[in-house]
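Since the structure comes first, as structure tokens, the remarks are kept for the end.
The values are calculated or read from the model by the stated rules, or taken from the named source; none is laboratory data. Nothing here was measured: the structure is a model prediction, and the numbers come from that model. Ideal geometry is used to build each Cβ from the backbone, glycine not excepted, and the neighbour counts take in all protein chains shown. Heavy atoms of the whole protein, side chains included, go into the accessibility calculation; ligands, DNA and RNA do not. Shrake-Rupley method; radii C 1.70, N 1.55, O 1.52, S 1.80 Å.
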Amino acid sequence: MDRIIVAGSINMDLVIETDEIPAIGETVAGKAFSTIPGGKGANQAVAIAKQGGDCIFLGKVGNDDFGANVLKSMQDAGINTDLIKIENESTGVSIINVDKTGANNIVYIAGANNLVDENYIDQNKDILDSAKYIVMQNELPEKTIEHILKICKDKKIKTILNPAPARMIEKDMLELIDILIPNEHELSRISGHKVENDEDVRKASEKLLAGGLKEIVVTLGERGVFYKNKDEEKFYDSYKAKVVDTTAAGDSFIGGFVNVLMQTNDIDKSIDFGQRVAAIAIGKVGAQTSIPTKEEVKEFDFGG
Ligand code: RIB
């Protein structure tokens, strides 16, 4: 089946644009405030659907306006949201500060995302049979991720984990992941290896592969992407692009990457396309609002 299932988080992002992100104890005047649909899971699914992928979402929102608005944004992008459950809880929320260089920091409150439990997954287990890939992130409870990984192992479905926010991954869980997609901070946390340069990226990735992981794709921001499996490894340059807001750059990459991977099984092409989607996304403010469609990617001038 050529379907991707995303089991993930759904948030409303409360975004403040400011020249400088304040230090602890400091107050600064911001420039703009907006509420923008986000959540790593929802963003990745939007990126998949906007590239034409057949995507079903497993997750939960609260019974509030934020939930209704993010659901609409996901449906508008073309995601099948039929299995998303509305709970008597608050929808997940992220407070995001974006500075004038496009860098950000994020504080996340899980809300209804924390109710995505093993029971809910079991109730929707059959739909997993229709998927070739399942994509997850760490904004869901760890036990839920572990449960999905075990089901997918039995059903022979390929698993992709974006370990954000970072937390330790036990060896028996690492062995169940087909492709891990961390950024360099997450790579450092998970591997317990410092990551300050390309050699560190290689070594930290090697450590995870030695621990049972099959493939790793490390997103390195403007430095590009690193890929490694047991036989080969490679650094890929990024596309030079205008940076307005880096929020959801990784999510855009993952959506573009997995969509092409499903169609071609070709790592070079998948990483290239993921990088194109991310390069466009960082040129606009916000998460789901910045993710380009297939046509926008086709028409964008990447130079060269
Ligand atoms: O990756 C970006 C996302 O992280 C934001 O949309 C925010 O909701 C946080 O989950």
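Go through (1) surrounded by 22 or more Cβ atoms within 10 Å (Cβ to Cβ); (2) outside any helix (DSSP H, G or I); (3) not β-branched (Val, Ile, Thr) and name the single condition Ser205 misses.
(2)
Within segment 258-279, track down each residue that is of a type in the set (Gly, Ala, Ser) and assigned to a loop (DSSP other than H, G, I, E, B).
none
Of these, Leu161, Leu149, Leu174, which one is within 16 Å of the ligand (Cβ to nearest atom), at pLDDT 95 or above and open to solvent by less than 20 Å² (accessible area, probe 1.4 Å)? Working first, answer last.
Details: Leu149 fails: within 16 Å of the ligand (Cβ to nearest atom); Leu174 fails: within 16 Å of the ligand (Cβ to nearest atom).
So the residue among Leu161, Leu149, Leu174 that is within 16 Å of the ligand (Cβ to nearest atom), at pLDDT 95 or above and open to solvent by less than 20 Å² (accessible area, probe 1.4 Å) is Leu161.
Checking Val107 against (1) open to solvent by 80 Å² or more (accessible area, probe 1.4 Å); (2) in a helix (DSSP H, G or I), which single condition isn't satisfied?
It fails just one condition, (2).
Can you pull out every residue in segment 14-44 that is closer than 17 Å to Val285 by Cα, acidic (Asp, Glu) and open to solvent by 60 Å² or more (accessible area, probe 1.4 Å)? Outline the logic, then answer.
Looking only at segment 14-44, we keep the residues that are closer than 17 Å to Val285 by Cα, and these are 14-21, 30-40, 42-44.
Add one more test, that the residue is acidic (Asp, Glu), and what stays is 17, 19-20.
Residues satisfying the conditions are Asp19, Glu20.
Exactly one of these conditions fails for Gly52: (1) in contact with a Lys or Arg (Cβ under 7 Å, 6 or more places away or on another chain); (2) assigned to a strand (DSSP E or B). Give me its number.
So Gly52 meets the others, but not (2).
Step by step: first the residues of segment 19-40, then only those that are assigned to a strand (DSSP E or B) and away from the ligand (no atom under 12 Å from the Cβ), then the one that is farthest from Asn162 (Cα to Cα). Which residue is that?
Applying the first criterion (assigned to a strand (DSSP E or B)) to segment 19-40 yields 32-38.
Filter once more, keeping what is away from the ligand (no atom under 12 Å from the Cβ): 32-34.
Details: Ala32: 30, Phe33: 28, Ser34: 26 Å.
Looking at residues that are assigned to a strand (DSSP E or B) and away from the ligand (no atom under 12 Å from the Cβ), I get Ala32.
Note down all Cβ pairs under 6 Å where the first residue falls in segment 93-107 and is free of Cβ contacts under 8 Å to residues at least 40 places away in the same chain, the second is open to solvent by less than 50 Å² (accessible area, probe 1.4 Å) and assigned to a strand (DSSP E or B), and they're at least six residues apart or on different chains.
Close Cβ pairs satisfying both conditions: none exist.
Within segment 72-88, does at least one residue satisfy the condition of being within 21 Å of Pro165 (Cβ to Cβ), buried (at least 17 other Cβ atoms within 10 Å of the Cβ), of a type outside the set (Val, Ile, Thr) and modelled with pLDDT of 95 or more?
No, there is no match, as no residue in segment 72-88 is within 21 Å of Pro165 (Cβ to Cβ), buried (at least 17 other Cβ atoms within 10 Å of the Cβ), of a type outside the set (Val, Ile, Thr) and modelled with pLDDT of 95 or more.
Pairs under 9 Å by beta carbon, first residue on the phi < 0 side of the Ramachandran plot in segment 290-304, partner crowded, with 16+ Cβ neighbours inside 10 Å and among the acidic types (Asp, Glu), six or more apart or different chains?
Between residues of segment 290-304 that are on the phi < 0 side of the Ramachandran plot and residues that are crowded, with 16+ Cβ neighbours inside 10 Å and among the acidic types (Asp, Glu), the close pairs are Ser290/Asp245; Ile291/Asp251.
Which members of segment 280-304 meet the condition of being open to solvent by 70 Å² or more (accessible area, probe 1.4 Å), closer than 19 Å to Ile16 by Cβ and in a loop (DSSP other than H, G, I, E, B)?
Answer for segment 280-304, where residues must be open to solvent by 70 Å² or more (accessible area, probe 1.4 Å), closer than 19 Å to Ile16 by Cβ and in a loop (DSSP other than H, G, I, E, B): just Lys284.
Are there any pairs, at least 6 apart or on different chains, whose C-beta atoms fall under 7 Å, with the first in segment 236-248 and farther than 16 Å from Thr101 by Cβ and the second within 15 Å of the ligand (Cβ to nearest atom) and outside any loop (DSSP other than H, G, I, E, B), and if so, which?
Ala248/Gly38; Ala248/Asn43; Ala248/Ala281; Ala248/Ser290
Please go through segment 177-202 and give me each residue that is more than 26 Å from Asp245 (Cβ to Cβ), open to solvent by less than 60 Å² (accessible area, probe 1.4 Å) and of a type in the set (Gly, Ala, Ser), ordered by number.
Residue satisfying the conditions is Ser191 alone.
Run down Glu17, Glu87 and say which single residue is under 30 Å from Glu299 (Cα atoms) and more than 15 Å from the chain's Cα centre (by Cα).
Glu17
When you go through Gly224, Gly256 one by one, which is the residue that is buried (at least 23 other Cβ atoms within 10 Å of the Cβ), touching a residue at least 40 places away in the same chain (Cβ under 8 Å) and either among the aliphatic types (A, V, I, L, M) or under 27 Å from Gly53 (Cβ atoms) (or both)?
Gly256
Within segment 227-253, how many residues are of a type in the set (Ser, Thr, Tyr) and open to solvent by 50 Å² or more (accessible area, probe 1.4 Å)?
2
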